[in-house]
Amino acid sequence: MSRFLGFRSRTAITHLLFLAFSCGILFGCAKKVRSDPAPLSQWVPIRLADREIEVQIALKTEEMARGLMFRESLGENRGMLFFYHLPKQMSFWMRNTKVALDIGFFTADGILREVYPMYPMDERSVKSRRDDLLIALEMNQGWYAKNGIKIGEQLDLIILKEALMARGEKAQIIPF
C-alpha cells in the first residue's frame, strides 16, 4: 500500500503516528492533578490556639455514626473532628466507645464555644446548648484543660479548609 502513497503522504502519516505516540506518553505519564479523596484513616495536622494536633476528619454519615467506637486508645494530641454542612445543635454519645473523651463544639468562625466530658460506654447524650455549631472535636478527656484551651480559642480555618478539601469537600460549600 505504501507504494501507492506519495512521499508527502508517508511523511504526514509518520508525523501523525509520532504525534499520537508522543501524546500517549505525555498524558499517560503525566502526574495526576486531582487524586481520590483522602481517607478517614489519615491523620491531618491542624492548629487549635497555639497547639498542633492531629485529627481524623469525619464527613460522611457512616463515619460520623462510628466516630471513635471500638478504639482501645487515642494518641496524646490526636482526636476526631466532625464537620457538618449546616449549623446545628449537636448531640453525641459514647456507645461502644472505650476511651474517655472531651468534646469541644465550634461555630463556623472556628471559635470554641462549649466543652464537655464524655465517659466510656455511656449512652446518655451530651447535648450542646447552642444551635449554631458546625464543628465538633473529640480529644482525650482532660486534653482541653491540660493544654490551657479555653472557650473562645480559635481553630486554624485555613488549614482545616485545606484538609476538608483533601477529604473531598468542595470549597464553595465550606463556609469559611
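The values are calculated or read from the model by the stated rules, or taken from the named source; none is laboratory data. From a predicted model like this one, the values you see are computed outputs, not experimental measurements. Note that we place each Cβ from the backbone using ideal geometry, even for glycine, and neighbour counts take in every protein chain shown.
Laid out as a table, the results:
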item: Residues (in a loop (DSSP other than H, G, I, E, B), of a type in the set (D, E, K, R) and surrounded by 13 or more Cβ atoms within 10 Å (Cβ to Cβ)) located in region 85-108; result: 98
item: Tally, over region 126-176, of residues that are in contact (Cβ under 8 Å) with a residue 60 or more places away in the chain, exposed (fewer than 14 other Cβ atoms within 10 Å of the Cβ) and in a helix (DSSP H, G or I); result: 1
item: Options 73, 41; residue that is closer than 24 Å to residue 170 by Cβ, part of a loop (DSSP other than H, G, I, E, B) and among the hydroxyl-bearing types (Ser, Thr, Tyr); result: 41
item: Qualifying residue in region 155-175 (condition: among the β-branched types (Val, Ile, Thr), more than 18 Å from the chain's Cα centre (by Cα) and closer than 18 Å to residue 53 by Cα); result: no
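So that you can scan it fast, the table gives a plain yes or no per residue for (1) at pLDDT 95 or above; (2) among the hydrophobic types (A, V, I, L, M, F, W, C); (3) touching a strand residue (DSSP E or B) at 6+ places or on another chain (Cβ under 7 Å):
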position: 32; (1), (2), (3): no, no, no
position: 48; (1), (2), (3): yes, yes, yes
position: 54; (1), (2), (3): yes, no, yes
position: 70; (1), (2), (3): yes, yes, no
